[in-house]
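Notes for the one structure printed next.
The values are calculated or read from the model by the stated rules, or taken from the named source; none is laboratory data. Computed from a predicted model, the values in this text were never measured in an experiment. Because the Cβ atoms are built from the backbone with ideal geometry, glycine has one as well, and the counts that use them run over all protein chains shown.
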Amino acid sequence: MVIMKKLVYPIAAIAIMIASAFTAIKFQDWKINDDYSIKFTSDDPSGVFRGLTGTVIFDDQNLGASKFDLAVDVATINTGNGMKNTHAKSEKWFDAEKYPQIKFTSSEITSTASGYEVKGVLEIHGVKKDVTLPFTFQKSDDGGTFNSSFDINRLDYNINTAEPAHGASVLKVDISVPVTKA
């Protein structure tokens, strides 16, 4: 009986450690607000995209568990010019019918001196490329805002490669995505 009492505490401690190893940890999911902004600018084409959907899991205290899985509807492109919009959606440019979405899936998020970096796969026009994108996250009471600014070369994604000199090849992309706790 004395031996049983001495074994109860170590067995209980082991049981607690095993149970805690299988306890699900809840990470912060974020809901994308409708007032997000995806802008692209250059010397020639400039405009916006709408149609952002996806999953945002971000915890600045646990970046290893954070993840972005996002998509943008190509057909929502708006350059402010109806003819340019039609061309942008055509086979020559984005080919919205064949490649209806621009997709980004993260693989790693790390902190930097000025915010964060997210590594992942960016897919545009059927071409997948590993990219590293800078971003910041500004917290608010019930959410926050993700901001990112980077350059992208359309030729890297086979967008109108038949006319490489037509329009700017490098576009600046500015993204602002306000979120609320899901």
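Apart from one condition, Thr105 fits all of (1) loosely packed, with under 13 Cβ neighbours inside 10 Å; (2) assigned to a strand (DSSP E or B); the exception is (1). Every condition in (1) under 18 Å from Asn153 (Cα atoms); (2) modelled with pLDDT of 95 or more holds for Lys92 except the one numbered (2). On the stretch given as region 124-142, residues that are in contact with a Lys or Arg (Cβ under 8 Å, 6 or more places away or on another chain) and at pLDDT below 95 total 1. Restricting the search to region 59-89, which residues are surrounded by 13 or more Cβ atoms within 10 Å (Cβ to Cβ), in contact with a strand residue (DSSP E or B) (Cβ under 8 Å, 6 or more places away or on another chain) and part of a loop (DSSP other than H, G, I, E, B)? Residues satisfying the conditions are Asp60, Ser66, Ile77, Thr79.
Test Ala96 against the criterion of being outside any strand (DSSP E or B) and under 21 Å from the mean Cα position of the chain (by Cα), and give yes or no.
Details: outside any strand (DSSP E or B): yes; under 21 Å from the mean Cα position of the chain (by Cα): yes.
Criteria met by Ala96.
Being crowded, with 18+ Cβ neighbours inside 10 Å, in contact (Cβ under 8 Å) with a residue 24 or more places away in the chain and either under 17 Å from the mean Cα position of the chain (by Cα) or over 20 Å from Lys39 (Cα atoms) (or both) is a description that applies to Gly120.
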